[in-house]
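Visitor: Okay, handing you the structure first.
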Amino acid sequence: MSELTLTETGTVTRLLQRQILPIDKDTDVFALYVDLEEAKLDTSRHEVGGNKDAKDLNNAAIRQSTSTGRKLHPDQILSRTALRIPQGQQLSFGTYFNAFPASYWRRWTIVDKVRLTVRIKGAGASVTVYKSMAAGHSQRVDAASVDGDSGTFTFDLTLTPFVDGGWYWYDVVAGDEDAIVESAEWSAEVPADRAEHGSVDICITTMNRPDFCAKLLGQLGEDEALRPYLDTVFVMEQGTQPVTESEFFKPAQDFLGDKLNVIVQGNLGGSGGYARGQLESVRKGTATYSLMMDDDVVCEPEGVIRAVTFGDLAKRPTIVGGHMFSIYSRSRLHSFGEIVQPWRFWWQTRLDGYSDWDLAARNLRSSRWLHKRADVDFNGWFMCLIPRQVLDEIGLSLPIFIKWDDSEFGLRAKEAGYPTVTFPGAAVWHVPWTDKNDGVDWQSYFHQRNRFIAALLHSPYPRGGRMVRESLNHQIKHLASLQYSTAELRHLALEDVLAGPYTLHEALPTKLAEINAFRKQFSDAQLHADRDDFKPVRRKKPPKKGKSDIEIPSRLGTMIAAGMAPIRQLRPLRPMSKEYPEAELPAQDAAWFNLVKYDSVIVSMNDGSSAALYQRDPAHYRDLLKRTLEIHRRFSREWPRLAEEYRAALGDITSPEAWDKTFEPWTSDKQ
């Protein structure tokens with residue numbers, strides 16, 4: 001089927017989604033495309049009720065794998081769209097990439113009915129169409145069988161029942177011989193003014209990941225189905241190891257040709273890189289959309305086509321985001337939809353969802369929560385399609401280097417009437433957040449500063465809800481955990497927020513270097529790859545009664561530890577701890593309630609590559625605690641004034657003109 005077909009009624013038939021199979025036949029991702037498992041639906045939370053023990057048991061059961069370990073054989077994949085099913089075997093396409101997310105089309109687009117067309121070879125093979133409701137239970141909709149050697153089956157399907165959630169999908173059973181599912185396509189009749197598909201500028205910010213980035217460019221360039229949708233692929237090169245020097249760049253360049261534009265500039269972080277791509281896209285004015293994409297991802301190119309198609313048929317200009325799977329465990333979904341919790345003003349998976357969900361262990365059809373439509377506040381810029389109209393109206397990224405640029409933009413767009421949809425079937429594979437240490441390293445500055453800026457701009461509460469109190473609690477936690485560099489960076493972040501919005505552009509090119517130079521003075525920020533760089537662990541007293549130091553405390557124990565931790569920091573140091581570390585903690589055990597027990601401790605980083613020495617310093621603790629209390633009192637007093645100041649400046653600091661000045665050192669030679 002072609003991408004669009006004229007009908008007798010004067011409307012146009014547009015392809016919404018087609019059956020796809022993994023390009024590289026990677027067995028780790030098969031469960032995202034086809035499914036051999038049964039679908040045993042988990043118990044509804046409404047049946048479980050409000051009893052805490054019952055809810056805990058049900059949550060444990062929901063997380064429990066139901067996989068039998070059955071897998072598709074790579075030889076069964078015949079092409080990008082065709083699959084062989086052995087004689088007598090049943091296989092389901094009710095999967096992440098091949099089920100049809102009916103409720104999203106129902107809620108956000110002009111489409112009200114779809115047609116499923118399935119082409120099958122193989123005598124006696126049958127296809128059955130199912131739908132699910134928002135509560136997760138499935139219903140048989142229709143079925144057909146091959147009469148002869150092959151058959152083409154069409155099913156006209158309404159979207160009316162999907163107001164709260166639900167999917168369509170199809171299962172195929174081979175008959176007396178192997179069956180080949182040659183293709184399956186979901187299409188819809190749409191008005192003639194929606195006939196042509198939009199085009200997209202892909203904006204990739206890269207820094208010192210030349211091979212990763214070049215391979216991504218190759219993925220985008222060699223996909224023939226994606227090529228007609230591409231206007232320009234912008235690469236904002238901000239590193240010292242250029243993507244152009246990768247051995248994989250030339251083949252990618254050959255594929256993309258004049259669609260590829262590599263732009264060299266200084267390191268302005270993700271926000272500076274994406275803002276440059278947004279600016280170039282808006283100024284060029286030939287693409288319907290700008291798509292933000294990280295440089296360290298593996299892309300499913302079909303997802304870009306689906307995002308563009310969904311955007312084309314949306315009721316109003318809509319930001320269309322993709323999902324993120326783990327690049328290390330490729331069937332694991334990081335989050336099915338994210339919100340900014342307004343009282344805490346913190347990003348998180350929606351409250352009735354789960355994060356880190358392994359679809360190879362618990363498939364889509366058996367996971368009740370995945371059938372309710374997930375409405376979101378924003379989508380991460382690892383893959384996020386933004387209509388050019390939205391950029392024209394609300395401006396470009398905030399000049400905040402990294403962190404909170406994507407979530408702030410989503411909130412800004414939402415307030416302007418432009419929704420964000422995190423769209424199933426559009427996804428990339430990326431390093432998961434759990435493998436990073438960005439809550440305590442140099443990035444802690446940007447987490448703190450940018451969260452406060454975003455809250456000042458968008459919090460619905462007079463003083464940011466819980467923001468100031470929670471920041472104070474976290475600051476004390478870092479102090480009690482001997483993370484002095486983190487506490488100092490977070491304090492510096494608050495001072496910079498108080499300096500006002502018009503300092504952000506000026507600080508963008510220099511702030512990272514300042515932060516890294518500043519934190520070098522603290523031992524907890526001095527990383528060592530070799531464990532022998534540290535002295536051996538010694539302590540005067542062994543653990544009490546031989547018990548482990550790293551046991552997880554009870555709720556009461558946690559409360560007692562939290563109350564005692566700040567007081568303990570004022571006690572004199574144990575003499576031996578000044579020369580020798582008292583313990584060594586792996587990253588997974590370095591929680592605050594363990595760290596507060598020590599005067600000195602070696603702590604591993606989350607990525608497993610290095611460790612640092614944490615050392616208690618009572619004088620530093622007292623000084624920083626005093627400054628912490630003072631600055632948080634100031635924020636409580638001055639929040640209304642600061643919020644007004646930042647909101648008044650938002651249009652200026654996100655304008656193309658403001659970004660033009662920031663980019664001037666790298667663009668002036670072209671003028």
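The values are calculated or read from the model by the stated rules, or taken from the named source; none is laboratory data. Owing to the predicted nature of the structure, the values given are computational and were not obtained by experimental measurement. In this analysis, Cβ positions are derived from the backbone assuming ideal geometry, glycine residues included, and neighbour counts consider all displayed protein chains. Heads up: the accessible areas ignore ligands, DNA and RNA and are worked out on the full protein's heavy atoms, side chains in. Shrake-Rupley method; radii C 1.70, N 1.55, O 1.52, S 1.80 Å.
Visitor: Please identify the pairs in which a residue from the stretch 379-399 that is hydroxyl-bearing (Ser, Thr, Tyr) has its Cβ atom under 7 Å from the Cβ atom of a residue that is not in a loop (DSSP other than H, G, I, E, B), counting only partners at least 6 apart or on another chain.
Guide: Between residues of the stretch 379-399 that are hydroxyl-bearing (Ser, Thr, Tyr) and residues that are not in a loop (DSSP other than H, G, I, E, B), the close pairs are SER397/SER271; SER397/TYR274; SER397/ALA275; SER397/GLN278; SER397/ASP405; SER397/PHE409.
Visitor: Is it true that ILE394 is touching a Phe, Trp or Tyr at 6+ places or on another chain (Cβ under 8 Å) and either surrounded by fewer than 21 Cβ atoms within 10 Å (Cβ to Cβ) or among the acidic types (Asp, Glu) (or both)?
Guide: It is true that ILE394 is touching a Phe, Trp or Tyr at 6+ places or on another chain (Cβ under 8 Å) and either surrounded by fewer than 21 Cβ atoms within 10 Å (Cβ to Cβ) or among the acidic types (Asp, Glu) (or both).
Visitor: Can you pull out the residues in the stretch 457-474 that are within 22 Å of ILE394 (Cα to Cα) and part of a loop (DSSP other than H, G, I, E, B)? Walk me through how you get there before you give the answer.
Guide: Going residue by residue through the stretch 457-474, those that are within 22 Å of ILE394 (Cα to Cα) are 457-460.
Correct list: SER459, PRO460.
Visitor: List the helices (runs of 4 or more DSSP H) that sit entirely inside the stretch 573-671 and contain at least 3 residues that are touching a Leu at 6+ places or on another chain (Cβ under 9 Å). Can you show your working first?
Guide: Values: elements: 592-595, 618-653, 656-667.
Ranges flagged: 618-653, 656-667.
Visitor: Going through the stretch 283-328 one residue at a time, which ones are touching a helix residue (DSSP H, G or I) at 6+ places or on another chain (Cβ under 8 Å) and of a type in the set (S, T, N, Q)?
Guide: Hits for the stretch 283-328 are THR288, SER290, THR318.
Visitor: Find the residue count for the stretch 402-423, including only residues that are part of a loop (DSSP other than H, G, I, E, B), in contact (Cβ under 8 Å) with a residue 40 or more places away in the chain and open to solvent by 10 Å² or more (accessible area, probe 1.4 Å).
Guide: The initial filter retains those residues of the stretch 402-423 that are part of a loop (DSSP other than H, G, I, E, B), namely 402-404, 416-419.
After this cut, where a residue has to be in contact (Cβ under 8 Å) with a residue 40 or more places away in the chain as well, the list is 402-404, 417-419.
Next cut, open to solvent by 10 Å² or more (accessible area, probe 1.4 Å) only: 402-403, 417-419.
The qualifying residues number 5.
Visitor: Please work out which residue is modelled with the highest pLDDT, limiting yourself to the stretch 514-537 and to residues that are assigned to a loop (DSSP other than H, G, I, E, B) and either among the small types (Gly, Ala, Ser) or surrounded by 13 or more Cβ atoms within 10 Å (Cβ to Cβ) (or both).
Guide: The initial filter retains those residues of the stretch 514-537 that are assigned to a loop (DSSP other than H, G, I, E, B), namely 520-522, 526-527, 529-530, 534-537.
Then drop every residue that is not either among the small types (Gly, Ala, Ser) or surrounded by 13 or more Cβ atoms within 10 Å (Cβ to Cβ) (or both), which leaves 522, 526-527, 529, 534, 537.
On the way: PHE522: 91, GLN526: 88, LEU527: 87, ALA529: 87, PHE534: 88, VAL537: 87.
Applying the filter and picking the extreme gives PHE522.
Visitor: Give the residues of the stretch 132-181 that are free of Cβ contacts under 8 Å to residues at least 60 places away in the same chain, part of a loop (DSSP other than H, G, I, E, B) and open to solvent by less than 70 Å² (accessible area, probe 1.4 Å), sorted by residue number. Spell out how you get there, then give the answer.
Guide: Keep residues of the stretch 132-181 that are free of Cβ contacts under 8 Å to residues at least 60 places away in the same chain, which gives 139-161.
Next cut, part of a loop (DSSP other than H, G, I, E, B) only: 146-149, 159-161.
Passing the criteria: VAL146, GLY148, LEU159, PRO161.
Visitor: Still on this structure: Are there any strands (runs of 3 or more DSSP E) wholly within the stretch 236-341 with 1 or more residues that are in contact (Cβ under 8 Å) with a residue 12 or more places away in the chain and either out of contact with any strand residue (DSSP E or B) (no Cβ under 6 Å at 6 or more places or on another chain) or small (Gly, Ala, Ser) (or both), and if so which? If you could, list the steps in order and put the result at the bottom.
Guide: On the way: elements: 260-264, 289-294, 319-326, 332-335, 338-341.
Output list reads 289-294, 319-326, 332-335, 338-341.
Visitor: Considering only the stretch 114-143, how many residues are under 30 Å from SER44 (Cβ atoms) and among the β-branched types (Val, Ile, Thr)? Walk me through how you get there before you give the answer.
Guide: Narrowing the stretch 114-143 to residues under 30 Å from SER44 (Cβ atoms): 114, 116, 127-143.
Narrowing further to those that are among the β-branched types (Val, Ile, Thr): 114, 127-129, 141.
Residues meeting the conditions: 5.
Visitor: Does VAL421 satisfy being closer than 24 Å to LEU398 by Cβ and in contact with a strand residue (DSSP E or B) (Cβ under 7 Å, 6 or more places away or on another chain)? I'd like the intermediate steps shown before the answer.
Guide: Working: closer than 24 Å to LEU398 by Cβ: yes; in contact with a strand residue (DSSP E or B) (Cβ under 7 Å, 6 or more places away or on another chain): yes.
It is true that VAL421 is closer than 24 Å to LEU398 by Cβ and in contact with a strand residue (DSSP E or B) (Cβ under 7 Å, 6 or more places away or on another chain).
Table: residues versus (1) surrounded by 18 or more Cβ atoms within 10 Å (Cβ to Cβ); (2) under 21 Å from ARG637 (Cα atoms); (3) of a type in the set (Phe, Trp, Tyr); (4) touching a residue at least 60 places away in the same chain (Cβ under 8 Å).
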site: VAL468; (1), (2), (3), (4): yes, yes, no, yes
site: LEU472; (1), (2), (3), (4): no, yes, no, yes
site: LEU479; (1), (2), (3), (4): yes, no, no, yes
site: THR486; (1), (2), (3), (4): yes, no, no, no
site: GLU495; (1), (2), (3), (4): no, yes, no, yes
site: ALA499; (1), (2), (3), (4): no, yes, no, no
site: GLU506; (1), (2), (3), (4): no, no, no, no
site: LEU512; (1), (2), (3), (4): yes, no, no, yes
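Visitor: Just one of (1) in contact with an Asp or Glu (Cβ under 9 Å, 6 or more places away or on another chain); (2) open to solvent by less than 70 Å² (accessible area, probe 1.4 Å) trips up TYR104, so point out which.
Guide: Here TYR104 clears every test but (1).
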